[in-house]
Protein chains: 2
Amino acid sequence: MIMKIDSAETHRRLLETAAIVFAEHGFAATTIRMICGRAKVNVAAVNYHFGNKEALYREVLRHVRRCAYEKYPPTYGLTADSTPEERLHAFVRSFLLRTLGDEQNRVFGTLTMREMVEPTGALDMIIEEGIRNLFGELLGIVGTLLGADVDAETVESCSRSIIGQCVFYLFGRPIITRMSPEQKFTKDDIEKISSEIVDFSLNALNGIMSRATRHGTRPSS
Amino acid sequence: MIMKIDSAETHRRLLETAAIVFAEHGFAATTIRMICGRAKVNVAAVNYHFGNKEALYREVLRHVRRCAYEKYPPTYGLTADSTPEERLHAFVRSFLLRTLGDEQNRVFGTLTMREMVEPTGALDMIIEEGIRNLFGELLGIVGTLLGADVDAETVESCSRSIIGQCVFYLFGRPIITRMSPEQKFTKDDIEKISSEIVDFSLNALNGIMSRATRHGTRPSS
DNA sequence: GTACGTTTTAAACGTTTGTTTGATTCCACA
DNA sequence: TGTGGAATCAAACAAACGTTTAAAACGTAC
């Protein structure tokens, strides 16, 4: 059979297959033969196109992150004159869509999750290029919502409470689907979850803010 | 019983060392030679005392879970006449202590975390023996706090928001320590985090409850 | 058609893996 | 003091790992 040699095609198929297999089994438990077997390329292809297994893994992380952020940027659905409440909603929704939205995004979510639990050295890259900016954005939104009477420490702990609710659905997905099989994480499910998180959080922020403005920063008994 | 050589000592040292090494590297990346080297026992000891690597891993999971729950049960510090607010606080605090309290508990937290991200088959055991009861308890507390005017679905989503804040500090610990090196997760830190989570959550629950009792279950605005 | 650089291929490389073996060491009991 | 079963040990096992190799297959230029 006449097979036109297409280096870019092999490169692409290797990258996409590797993303799926790494997401399924993790870096250590994934073998090059698994990837090449599924991608239908020779075992030597990984070393020829990427150098070694670890370099392939780093390229995979960069690739899925770029795709995920292109599809669902943190400002997803926002307009220039959005309210702080709308910005919070967009932040939460885009986070969930980016990590759980569809099959490709779940690969990104799973790989990021794995890297957080078992850092392979690429975690610093993930923090510096993604997480730091993301959290800074959330700090800005929460700071605006809480107003000037609330100190920075409270803003930070509230931001952690909000992002915590989001990552729970990422990390807890295998458990949630086992305990509540009706939860399929469709886009409608994600819309609903986003609204619940925002509702819960805005109520919390309103309570904390009104207490601060009425009684100073002292916690009520 | 007749103890020839000190078999129990080898068994114990193997179990404790394996817990640490599995927590550090994960199941797949941990080798039997790593464990035996650190435990200063022969490589054949694992197979002699536990059968194989996977059986050792399961025993490790059982062991660290038992130790963690013995040290910090979900009712940690509660009395018979505690208020729902105190029960929520005890729930949050005991969770954080159980998974982050000290070095031994962090091993439990890390292993559970790894099992959630990369189930090795022991996840079902973890859910049935631990998580299901734990979440049921939280549902009860939140249901009491919200009162009869709030539907079960809201109780569940609020419970997820609360447990989400807790697991964030477990899963996010490597990132938090990199971004905020002053956070050392001492017991004082955990007390503070617990109070922040409870404060945030009670404000949220109060807002949601008062809205429900005043305006029915319709969301405001 | 021939030569040349690139890509693919099957095979083998040296390590390392989990596990097993057979001899040796140990100690309670006779 | 000698015996026997339990525990330890060094050594080796086959299998699988990531990686390398050298040749074959391919497209492109002349």
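In the structure shown, the pairs A:Lys192/B:Lys192; B:Lys40/B:Lys184; A:Lys71/A:Lys192; A:Lys71/A:Lys184 are assessed against 24 Å; a Cα-Cα span above that value is assigned to A:Lys192/B:Lys192; B:Lys40/B:Lys184.
One quarter of the surface of the convex hull around the alpha-carbon atoms of the stretch B:110-221 equals 9.0 nm², the direction-averaged projected area.
Of the peptides B:204-210, B:116-122, the order by per-residue mean of other Cβ atoms within 10 Å, starting with the highest, comes out as B:204-210, B:116-122.
Ellipsoid semi-axes for the stretch A:16-144, based on the Cα gyration tensor and the rule √(5λ), read 33, 14, 11 Å when sorted largest first. Each Lys or Arg adds one and each Asp or Glu subtracts one; over the other residues with Cβ under 13 Å from the Cβ of A:Met34, this totals +3. Under a no-solvent Debye model with one identical scatterer per Cα of chain A, what's log10 I(q)/I(0) at q = 0.12, 0.16, 0.17 Å⁻¹? So the normalised log intensities are -0.73, -1.10, -1.18. Each copy carries a label point for A:Gln183 at 7 Å from Cα toward Cβ; from one copy, the others' points are 2.3 nm away, ordered from shortest. Does the stretch A:115-175 come out rounded, prolate or oblate by the C-alpha gyration tensor, with a ≥ b ≥ c the root eigenvalues, rounded set by a/c under 1.5 and, if not, prolate when a/b is larger than b/c and oblate if not? It comes out oblate by the Cα gyration axes.
Using the average count of surrounding beta-carbon atoms within 10 Å as a protection proxy, the listed peptides B:92-98, A:49-55, B:20-26, B:143-149 rank, highest first, as B:92-98, B:20-26, B:143-149, A:49-55. Placing a pseudo-label 7 Å from each Cα along the Cα-to-Cβ vector at B:Asn42 and A:Lys71 gives an inter-label distance of 5.4 nm. If you take the alpha carbon atoms of the protein assembly as shown and fit the smallest convex hull around them, that volume is 184 Å³ per residue.
Neighbours of A:Leu78 by Cβ distance under 14 Å: Lys/Arg scored +1, Asp/Glu scored -1, total -2.
Along the axis of the charge dipole computed for the stretch B:1-158 (Cβ charges of +1 for Lys and Arg, -1 for Asp and Glu, origin at the Cα centre), the listed residues B:Val64, B:Leu134, B:His89 are led at the positive end by B:Val64. From helices alone, chain B scores -24500 deg cm²/dmol at 222 nm; the rule is -39500 (n - 2.57) for each run of n ≥ 4 DSSP H residues, then divide by the residue total. Counting from the shortest, the label point at A:Asp81, 7 Å from Cα toward Cβ, is 5.9 nm from the same position in each remaining copy. Residue by residue along A:151-157, Cβ atoms of other protein chains within 10 Å of the local Cβ number 2 on average.
We did not get these values from a lab; they are worked out from the coordinates using the rules stated. The model shown is predicted, which means the values in this text are computed figures rather than measured ones. Don't worry about glycine lacking a Cβ; one is built from the backbone with ideal geometry, like all the others, and counts go over all protein chains shown.
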